[in-house]
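Colleague: After the structure tokens below, expect a handful of questions from me.
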Amino acid sequence: MKKILFSIVLASISSYALADAAGGNNCGWGNMLFQGQAGAGPHFMATTTNGTSGNATFGMTSGTNGCSTDGKLTYGGKSMISSIMTEFSEDVAAGNGEALNAVAVMMGVEQQDRQTFAEVTHANFKVIFPSQNTTAEEVLAALEKVMKSDATLSKYVS
């Protein structure tokens, strides 16, 4: 029973996290049904309605149901880099490691370019991590700048 309850809570939390996600804030029948309401309950119900009927996906592909794929997706949670900052800095300093590979994957670096990613980040350690107090946002900005300056990696950043 506890496992079932935990699964329901976990599904609810993950569904709630997607309430204002792909397709835009006005996307899907769930948003139409619960229009004007606020709070976790209506968001959960709107997301559940959209997810169980597949209408938000249909709306994004057909341009209906108030859905659009024109805008950029956003993420309001904690940066993945901030949660592995110590491991990532150690891997960049060493030139290899799981955290370095995880960030490469997060950045969309294809398998054939990951060795270049490791070499370039290692060579630019002081640029990416100028001090011990460097924030995850500063690391990400420096990482993107370093990647833009490399012919192979520039295609992975805009």
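The values are calculated or read from the model by the stated rules, or taken from the named source; none is laboratory data. Bear in mind that the values here come from a model prediction, so they are computed numbers and not experimental data. FYI the Cβ positions are ideal-geometry reconstructions off the backbone, even for glycines, and counts take in every protein chain you see.
Colleague: Residues of the range 106-129 being farther than 19 Å from Ser149 by Cβ and either modelled with pLDDT of 90 or more or touching a Leu at 6+ places or on another chain (Cβ under 9 Å) (or both), which ones?
Modeller: Within the range 106-129, Gln111, Gln112 qualify.
Colleague: How about the range 131-150: which of its residues are at pLDDT below 95 and in a loop (DSSP other than H, G, I, E, B)?
Modeller: If the condition is that a residue be at pLDDT below 95 and in a loop (DSSP other than H, G, I, E, B), then Ser131, Gln132, Asn133, Thr134, Thr135 are the ones that fit.
Colleague: Just to check your reading of the model, which residue among Thr74, Thr49, Thr64 is surrounded by 15 or more Cβ atoms within 10 Å (Cβ to Cβ) and either modelled with pLDDT under 80 or outside the structural domain of Val146 (by TED's automatic domain parsing) (or both)?
Modeller: The conditions single out Thr49.
Colleague: Next question, about the same structure. Where residues in the range 116-137 are surrounded by 14 or more Cβ atoms within 10 Å (Cβ to Cβ) and among the polar types (S, T, N, Q), which of them is nearest to Thr152 (Cα to Cα)?
Modeller: Thr116
Colleague: Asn96: at pLDDT 80 or above, part of a helix (DSSP H, G or I), out of contact with any Cys (no Cβ under 6 Å at 6 or more places or on another chain) and surrounded by 13 or more Cβ atoms within 10 Å (Cβ to Cβ), yes or no? If you could, list the steps in order and put the result at the bottom.
Modeller: Details: at pLDDT 80 or above: yes; part of a helix (DSSP H, G or I): no; out of contact with any Cys (no Cβ under 6 Å at 6 or more places or on another chain): yes; surrounded by 13 or more Cβ atoms within 10 Å (Cβ to Cβ): yes.
Answer is no for this residue.
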